[in-house]
1. Can you give the mean number of other chain Cβ atoms that lie within 10 Å of the Cβ atoms in peptide B:98-105?
2. Sorted by mean Cβ packing within 10 Å, highest first, what order do the peptides A:82-89, B:32-39 take?
3. Taking every eigenvalue of the Cα gyration tensor of segment A:5-98, multiplying by 5 and rooting it, what semi-axes result, largest first, whole Å?
4. Going through the cross-link list B:K22/B:K94; A:K57/B:K22; A:K15/A:K57, which pairs have a Cα-Cα distance over 27 Å in this structure?
5. Average partner chain C-beta neighbours within 10 Å, per residue of A:103-113?
6. What are the ³J(HN,Hα) values, in whole Hz, obtained from phi via the Karplus relation 6.51 cos²θ - 1.76 cosθ + 1.60 with θ = phi - 60°, for each residue of segment B:31-41 in sequence order, with x given for Gly and Pro?
7. Which whole number gives the average, over all residues in B:38-49, of C-beta atoms from other chains lying within 10 Å of the residue C-beta?
8. Label points 7 Å out from Cα along the Cβ direction at A:L96 and A:L115: separation in nm?
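The values are calculated or read from the model by the stated rules, or taken from the named source; none is laboratory data. This is a predicted model, so every value here is computed, not measured. Every residue, glycine among them, receives a Cβ derived from its backbone with ideal geometry; neighbour counts consider all protein chains shown. Ligands, DNA and RNA are excluded from the accessible area calculation, which covers all protein heavy atoms including side chains. Shrake-Rupley method; radii C 1.70, N 1.55, O 1.52, S 1.80 Å.
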Amino acid sequence: GAGVSQSPSNKVTEKGKDVELRCDPISGHTALYWYRQSLGQGLEFLIYFQGNSAPDKSGLPSDRFSAERTGGSVSTLTIQRTQQEDSAVYLCASSLAQGMAGELFFGEGSRLTVL
Amino acid sequence: AQSVAQPEDQVNVAEGNPLTVKCTYSVSGNPYLFWYVQYPNRGLQFLLKYITGDNLVKGSYGFEAEFNKSQTSFHLKKPSALVSDSALYFCAVKESYIPTFGRGTSLIVHP
């Protein structure tokens, strides 16, 4: 497809279970971002990948969160031992420009509900 | 550290009237500034950006924004609002490779 694709679009899980969220960026985009959007909150930065460089993980809220990007393309965000406060919409975005001027292209998000 | 503020949680405007959604920022260097729009149950969509040059930036759907360095503001404007403009609007600032977003402003355009 032409845009950023995220799956699943909705995920309901029980507290303590692990979840994986997938992001397929726009082809050729070297930068990939994960953000979290909670109700009434802005976008909270989680992690940033640029090409083959080490990711910037400074936004991950705890060691239960991890992400990887395989082959410079698809990324997976993993949340272990989910908690109710993890409930949010997880947004993935990609960007073409390596410089700071590039805008982000967002997927439609994965809505996570932890019961 | 970079930061951005959107002082209004909600803006109400009548269709056909001009609209303004406010954004102020704080950076230590030169900012790159962006506006995005989010329709219900959708991801964010890029509207416009300021990198350098003219302070008035024009973007998608008739929106424009004015960069004001002395007031550290980047307000989003449109001369005549449409009901279909009703959505959540986010301002973002980039001083590094990672943009910081505001909390968002809900724009409601009444028929």
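1. Taking the mean over all residues of the peptide, I get 6.
2. B:32-39, A:82-89
3. Working from the Cα gyration tensor, I get semi-axes of 22, 13, 13 Å.
4. The answer is A:K57/B:K22.
5. Mean partner-chain Cβ count within 10 Å for A:103-113: 4.
6. These are the phi-based 3J(HN,Hα) values: x, 10, 10, 9, 10, 10, 10, 10, 8, x, 6 Hz.
7. Counting Cβ atoms of other protein chains within 10 Å of each residue's Cβ and averaging gives 5.
8. 4.4 nm
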